[in-house]
Amino acid sequence: MSLIILLMQLAVALAWKNLLVHSETLLAYTRDDFPSDFVFGAGTSAFQYEGALAEDGRTPSIWDYSIYEGQNTEVATPDIASDGYHKYKEDIELMSFTGLEGYRFSISWSRLLSSGRGAVNQKGLEYYNNVINELVKHGIQPHVSLHHLDLPQVLQDEYGGWLSPRIIDDFKGFANVCFREFGDRVFHWTTMAEPNINAIASFDNGEFPPHRCSYPFGYNCREGNSAVEPYAAAHNMLLAHAAVVKLYRTRYQPIQKGKIGINLYATWFSPLTNSIKDSMASKRAMDFTIGWFMSPLIFGDYPEIMRKNAGSRLPTFSEIESQEVRSAFDFIGINYYFASFVVDNSDHPKTGFRDANADMFVKFTGSKDEPPIDQFIPPGYIPNKPTGLLKMLKYLKDSYGNPPIYIQENGCGLGVKDVLNDTDRISFLSGYIGSTLEAIRNGSDVRGYSVWSFLDIFELLDGYKSSFGLYHVNFKDNERQRVPKLSAYWYSNFLKHGSVIKIEKTQGDQEEYHAMQ
């Protein structure tokens, strides 16, 4: 047993003295209040965690190119990141100590297939086999994402990546290698993470690589078309996802008995006022974000309001494509962090050049005290409003036939100073886990919850400035030492020792939760 584990065990008894909150108790729960097969875990992604970017045959992804060619203004680089490529055994030992039941991670496409297709990179194959074997040895379920935004640069250079239908066969080929090599031990597959955000951030406002956008909608636009490309890329993502699901169901699932799904970024949109117009605006915002993918997956086509507002710019499904996309999932993964208010903007001119964002005809604001703006911009900090998750889960249940849901990311870290005594994170996670339980009790088919992130990693738009981890990583030290935060003790005590979590209401905000154990 490592020294850090021993030190953690000695510290656990002292850690809880800091967790005292005094106010009216709304909800008390333990791990046993959740279904026995419910999976609690935490996650990372390959590009943000592994490091070793040019080691053992890995080739660049589009995020490598973005950062190292100066298109990303963040000074820090992920050359080492959390050094997960070399320290995975130590980390999995920490996961076991913490009591994780599942670990969500992604496979680097360009580490496994150096050319994006064709021959398997044996060093990459060995690494992921080792990670999966180590997880299984410790009784932790591997929950694997095939694509977490890090497309191989070689495919972007060759044919434009997600803008070309050629990506469908290459993604299916990559998935086939993963199913063939790892599917005997991996029983939870997610095809891709946040394609609804990827389409906008990569091809509308240009914030993500390959940084395609067009004036006046994006940032430092060099090439692209914000009116058309987001819809084209999302369409290819849906078709690629459906092709991979079909492959898995026909060739592997009957033998391996696993499940496969897709992950979506979920934000709850509330009308700013009680007006009918703002209420309709919030529904449009949901259709253009969640509905963009959920409607084809459930009904076989895009939402009617998207067809109306985007017109011919929105691709169409053939009858066969519609049939293959419909029901192409065993579960839906969601990443949930915060809610936003929306205001009707239907008076905006209906003619003229519009991007995919403007097609919603809404404005956004994170607070009733802030003026609405045209584009949805994530806040610089994540407010503690767990009732938004409860509303989102109800919406998915009521609108899409109550699909099985895994909450694959939820966490607190933007604007949070990297301190070990992270009581704010504990309060945040407590409330959102409480909302998850309440949703289950209200009939939502929620099957898992995963904290983002297990340890501090390289955040894609913030480098090492933000700290989401349960474990602190010292990025100034080449050894990347791991140190447990108070939230790691808290999560461990909840998962392993049956501690009671009490959700508290503060006097200042009726929707903000705090917790004590």
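The values are calculated or read from the model by the stated rules, or taken from the named source; none is laboratory data. Computed from a prediction, not measured in an experiment: that's the story for all the values here. Positions of Cβ are backbone-derived with ideal geometry, glycine not excepted, and every protein chain shown enters the neighbour counts. Only protein heavy atoms, including side chains, enter the accessible area calculation; ligands, DNA and RNA are left aside. Shrake-Rupley method; radii C 1.70, N 1.55, O 1.52, S 1.80 Å.
In segment 209-225, the residues that are farther than 19 Å from residue 354 by Cβ reach residues that are part of a loop (DSSP other than H, G, I, E, B) and aliphatic (A, V, I, L, M) with C-beta atoms within less than 9 angstrom, at least six apart or across chains, in these pairs: 209/149; 209/151; 210/151. In segment 365-384, the residues that are in a loop (DSSP other than H, G, I, E, B) and of a type in the set (Val, Ile, Thr) form Cβ pairs under 6 Å with partners that are at pLDDT 75 or above and surrounded by 12 or more Cβ atoms within 10 Å (Cβ to Cβ), at six or more places apart or across chains, as follows: 382/337; 382/338; 382/412; 382/414.
Out of curiosity, is residue 88 at pLDDT 95 or above, of a type in the set (Phe, Trp, Tyr) and more than 20 Å from the chain's Cα centre (by Cα)? Spelling it out, residue 88 is indeed at pLDDT 95 or above, of a type in the set (Phe, Trp, Tyr) and more than 20 Å from the chain's Cα centre (by Cα). Taking every residue in segment 284-312 that is on the phi > 0 side of the Ramachandran plot and pairing it with any residue that is of a type outside the set (S, T, N, Q) and crowded, with 18+ Cβ neighbours inside 10 Å, at least 6 positions away or on another chain, the pairs with Cβ-Cβ distances below 8 Å are 300/317; 300/325. Count of segment 385-413 residues, restricted to those that are closer than 21 Å to residue 41 by Cβ and buried (at least 18 other Cβ atoms within 10 Å of the Cβ), is 16. Condition check: touching an Asp or Glu at 6+ places or on another chain (Cβ under 9 Å) and either free of Cβ contacts under 8 Å to residues at least 12 places away in the same chain or not hydroxyl-bearing (Ser, Thr, Tyr) (or both). Does residue 155 satisfy that? Here the answer is yes, as residue 155 does meet what is asked. Is it true that some residue in segment 124-131 is open to solvent by 50 Å² or more (accessible area, probe 1.4 Å), touching a Leu at 6+ places or on another chain (Cβ under 7 Å) and not hydroxyl-bearing (Ser, Thr, Tyr)? The answer is no; no qualifying residue exists. Could you please let me know if residue 134 is assigned to a helix (DSSP H, G or I) and within 25 Å of residue 481 (Cβ to Cβ)? So residue 134 fits the description; yes. Scanning segment 86-106 for residues that are under 15 Å from residue 456 (Cα atoms) and either open to solvent by 20 Å² or more (accessible area, probe 1.4 Å) or of a type in the set (D, E, K, R) (or both) yields 87, 88, 90, 91, 104.
Within segment 284-332, being among the hydroxyl-bearing types (Ser, Thr, Tyr) and in a loop (DSSP other than H, G, I, E, B) holds for 302, 316, 318, 327. Modelled with pLDDT of 95 or more, in a strand (DSSP E or B) and surrounded by 15 or more Cβ atoms within 10 Å (Cβ to Cβ): is that true of residue 42 in this structure? For residue 42, the condition - modelled with pLDDT of 95 or more, in a strand (DSSP E or B) and surrounded by 15 or more Cβ atoms within 10 Å (Cβ to Cβ) - is met. Can you report the number of residues in segment 61-79 which are part of a loop (DSSP other than H, G, I, E, B) and at pLDDT 95 or above? Here the count works out to 0. Residues in segment 309-367 that are of a type in the set (Lys, Arg) and either at pLDDT 95 or above or open to solvent by 30 Å² or more (accessible area, probe 1.4 Å) (or both): 313, 326, 350, 363. Applying the selection to segment 110-137, what residues are among the aliphatic types (A, V, I, L, M) and free of Cβ contacts under 8 Å to residues at least 40 places away in the same chain? Hit for segment 110-137 is 119, nothing else.
Residues in segment 439-453 that are part of a helix (DSSP H, G or I), out of contact with any helix residue (DSSP H, G or I) (no Cβ under 6 Å at 6 or more places or on another chain) and in contact (Cβ under 8 Å) with a residue 40 or more places away in the chain: 440 alone. Looking at segment 468-511, the strands (runs of 3 or more DSSP E) lying wholly inside it that each contain 1 or more residues that are of a type in the set (Phe, Trp, Tyr) and either modelled with pLDDT of 90 or more or crowded, with 20+ Cβ neighbours inside 10 Å (or both) sit at 471-473. Just checking, does segment 161-184 include any residue being over 30 Å from residue 36 (Cα atoms), free of Cβ contacts under 8 Å to residues at least 60 places away in the same chain, open to solvent by less than 10 Å² (accessible area, probe 1.4 Å) and not basic (Lys, Arg)? Within segment 161-184, not a single residue is over 30 Å from residue 36 (Cα atoms), free of Cβ contacts under 8 Å to residues at least 60 places away in the same chain, open to solvent by less than 10 Å² (accessible area, probe 1.4 Å) and not basic (Lys, Arg).
For (1) under 25 Å from residue 493 (Cα atoms); (2) acidic (Asp, Glu), each residue gets a yes or a no:
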| position | (1), (2) |
| --- | --- |
| 76 | no, no |
| 80 | no, no |
| 83 | no, yes |
| 92 | yes, no |
| 105 | yes, no |
| 120 | no, no |
| 127 | no, no |
| 144 | no, no |
| 148 | no, no |
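The condition of being crowded, with 24+ Cβ neighbours inside 10 Å and at pLDDT 95 or above holds for only one of 276, 255, 290, 298, that being 290. When segment 212-235 is limited to residues that are part of a helix (DSSP H, G or I) and either open to solvent by 10 Å² or more (accessible area, probe 1.4 Å) or modelled with pLDDT under 95 (or both), the one that is nearest to residue 187 (Cα to Cα) turns out to be 235.
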